[in-house]
Amino acid sequence: MNEQEKEKMRELLSDKAVFGLTDAEIAELAELEENFPEFADDSLELTAAAIGMMNLDTSEPMPAHLQAKVAADAEQYFAARKAEASVSEPPKETAEEFQKTFTFEPKSSIWQWLGWAVGALACVALAINIYTTQQKLKELEAKTVPTPTATPVKLTPAQEREQLLASAKDIVETNWGDFDKAKPKNVQGDVVWSNAAQKGFVRFRGLPVNDQSKETYQLWIFDENQKQPIDGGVFDASEAGEIIVPINAKLKVQKPIMFGVTAEKPGGVPVSDLKNVMAVAKIAA
Amino acid sequence: MAESILHRIADKDQTAVQDCLKKYGGLVWSLARRMSTNTEDAEDAVQEIFIDVWKNAERFDESQSSETTFIAMIARRRLIDRLRYAKRRIAPDSLEDIVAEPANRADEEMQTNIEAKDAARALQTLRPEQRQVLQLSIVQGLSHQEISEATGMPLGTVKTHARRGILQVREFLGMSSLESMKGGAA
């Protein structure tokens, strides 16, 4: 890290602590922190937090209904974390269970020994039989269907979105709004995007259910460095209410300035004529 | 020594949630009310802040700050973010009143925790302009443009006072940066 980069990082960290940063500054700091993680630092924000507690009247407790909401949110949050953990860490046999399974008491009687010997022989015979049968089955399966593989439990888009929010440091968040104020579509929701992870999610409320035989929805990412908006993937709104869709950018996104969703012909289009824009989400400069 | 609430949360001990709300609910609620335009907005902010607290609990380092200051930092981050997106600032009754306010109260009874008390003392060591800029921005929630307009200081000067002032308060509080720990110039 050269002196100029060091100075820039100090300035950004100070401004972040005192005033907050613009999106461009957030991106700049995220890039510096990614390149120089050893200089990423909370100490100025902690200092600002200590100053921010000066003269703070904390005598009024949090309202009971709000406390209940926060507790309910926490329950949901920890349940989601638990679900994620069970996906990433499959349950292991505990040492105790392992011992229980594999420990046996030695017996002294000859009859008991003979019993074990016969049992062992029977097991060997059974194992050989199972092995040969399985081999035959495998040969048969190979001719008919592919070998099934273990299917990992898939996270829901909501869980994946939460995971991204928890892990990415450079999250950009923005809300959907009307493209043409004269013809409001009243689509609500938000966009979260991480440039470092090249991953993001959109949430919609009020996006009409589409007739899949006639049209599909398509996401677009408007990048400052691209002449045409980047295709973010197609999706259908098959039910009313909130829907969450992962953004599937077909090109590397460098500097997103706006997201859009359009209605297109089934399968989507490589370049949109932007005639049916359902909503746009601008990133504040 | 009892395990900190945040470490218990990081260990997925859900019983720590109630303890956290009991101990820090008032603090977060007060910060949210101070930096939100209305009660509804403050309530939404509190919900978001506590989700951030659960997410960031494992990052708490007791050698760097108290749990109270760490939670206040998480709260400030979210509140600043919300202000930025809402493109609104706290609407003070009168900007002139705030600027004229003798906001250098170091009255220890008024301070929430030991770091807030020390911060109040640290502000007394700053140059008056640095102290004014930090109080208007951090305590009153004004943007650098608003401070520039209210005080007549050029925008760059506002930022310079803020940067120098916050570094000096950090020194006073002994909140060492990773950079200085690694021997870099602070």
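The values are calculated or read from the model by the stated rules, or taken from the named source; none is laboratory data. Keep in mind that what you see is a predicted model, and the values were worked out from it rather than measured. FYI the Cβ positions are ideal-geometry reconstructions off the backbone, even for glycines, and counts take in every protein chain you see.
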Of all residues in region A:218-258, which are within 18 Å of residue A:198 (Cβ to Cβ), polar (S, T, N, Q) and either touching a strand residue (DSSP E or B) at 6+ places or on another chain (Cβ under 8 Å) or not assigned by TED's automatic domain parsing to the domain that holds residue A:205 (or both)?
A:248, A:254
Condition first: more than 7 Å from chain B (Cβ to nearest Cβ) and assigned to a loop (DSSP other than H, G, I, E, B). Now tell me which residues in region A:61-73 satisfy that.
A:63
Flag for residue A:24 being at the interface with chain B (Cβ under 9 Å from one of its Cβ atoms), among the aliphatic types (A, V, I, L, M) and assigned to a helix (DSSP H, G or I):
no
Considering only residues that are surrounded by 14 or more Cβ atoms within 10 Å (Cβ to Cβ), of a type in the set (Asp, Glu) and free of Cβ contacts under 8 Å to residues at least 40 places away in the same chain, which ones fall in region A:205-235?
A:223, A:231
Exception for residue B:106 within (1) modelled with pLDDT under 85; (2) surrounded by fewer than 21 Cβ atoms within 10 Å (Cβ to Cβ); (3) assigned to a helix (DSSP H, G or I); (4) within 9 Å of another protein chain (Cβ to nearest Cβ) falls at (3)
Consider residue B:138 against the criteria (1) modelled with pLDDT of 90 or more; (2) at the interface with chain A (Cβ under 7 Å from one of its Cβ atoms); (3) farther than 22 Å from residue B:66 by Cα: it satisfies all of them except one. Which criterion is unmet?
(3)
